[in-house]
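Only one structure is covered here, and it is reproduced in the block below.
The values are calculated or read from the model by the stated rules, or taken from the named source; none is laboratory data. What you are looking at is a predicted structure, and each value in this text was computed from that prediction instead of being measured. For neighbour counting, all protein chains shown are included, and Cβ atoms are generated from backbone atoms with ideal geometry for every residue, glycine included.
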Amino acid sequence: MRDRIISWLKKNVSDHRLQHILGVEETCITLARCHQLNESQAAQAGLMHDLAKFFPPQKLLKIASEAKIPIDEVCLQNPHLLHAEVSAVVAQEEFKVEDPQILAAIGNHTLGAPQMSKLSCVVFIADVLEPNRGDNAELAAMRIVATNNLYKCVQQTSDYSLKYLLSKQKIIHPRTVLTRNWASVKASANSVELSIDPK
């Protein structure tokens, strides 16, 4: 199926975006291996996370509406934010993906979601940290954290995205903040557990 997905992507996204997608796929596999997750699920979710990236706003709104995806005021003003959840719909309809974990990971990769699965965390992180995103000290540090502490890295990548959005004076979706705070609490809880029981 991978070849069919790549063939579809070549017709529906730019070459630059395809390189990003392949970088996310590769990073998802690496992180899945680090955290003892299903590598095949991670690879598929990574490969399909941006299927709807280049859909025009009206198409995103139409598909989201038909699929009964909640469209709040922020998404109504910025339909591009729906591309993650619409990509999950395309994965279902175009490629017959039925695995709820994969579909959720695709749908959560942009805004995240409190209580999201470890697989969703992997795709959320990989979208920001894949090699084509660049190489600065902050990204390098987060890439190390990603291999050791998923929740801490979700918090850090959320902070990284929030700083960018603030610097550009962009609207911030509340789910991004909720995801960041949830991950921060989970990361703190994990640190406490590790200090109590180093095993």
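Numbers at a glance
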read-out: Residue in segment 41-77 that is surrounded by the fewest Cβ atoms within 10 Å (Cβ to Cβ), counting only those that are among the polar types (S, T, N, Q) and closer than 30 Å to T30 by Cα; value: Q41
read-out: Any hit, segment 120-137, residues being of a type in the set (D, E, K, R) and more than 16 Å from H20 (Cβ to Cβ); value: no
read-out: All positions within segment 143-162 that are closer than 26 Å to D15 by Cα and free of Cβ contacts under 8 Å to residues at least 24 places away in the same chain; value: R143
read-out: Selected residue (criterion: farthest from the chain's Cα centre (by Cα)) from residues of segment 1-18 that are surrounded by 13 or more Cβ atoms within 10 Å (Cβ to Cβ) and over 19 Å from V97 (Cα atoms); value: V13
read-out: Entirely in segment 100-199, the helices (runs of 4 or more DSSP H) that have 1 or more residues that are under 22 Å from P79 (Cβ atoms) and under 17 Å from the mean Cα position of the chain (by Cα); value: 100-107, 118-129, 150-167, 174-196
read-out: Listing of helices (runs of 4 or more DSSP H) fully contained in segment 1-92 that carry 2 or more residues being of a type outside the set (K, R) and within 30 Å of K152 (Cβ to Cβ); value: 15-34, 39-48, 73-77
read-out: All positions within segment 160-182 that are among the charged types (D, E, K, R) and buried (at least 17 other Cβ atoms within 10 Å of the Cβ); value: R175, R180
read-out: Test: A113 is in contact with a Ser or Thr (Cβ under 9 Å, 6 or more places away or on another chain), at pLDDT 95 or above and over 18 Å from H20 (Cβ atoms); value: yes
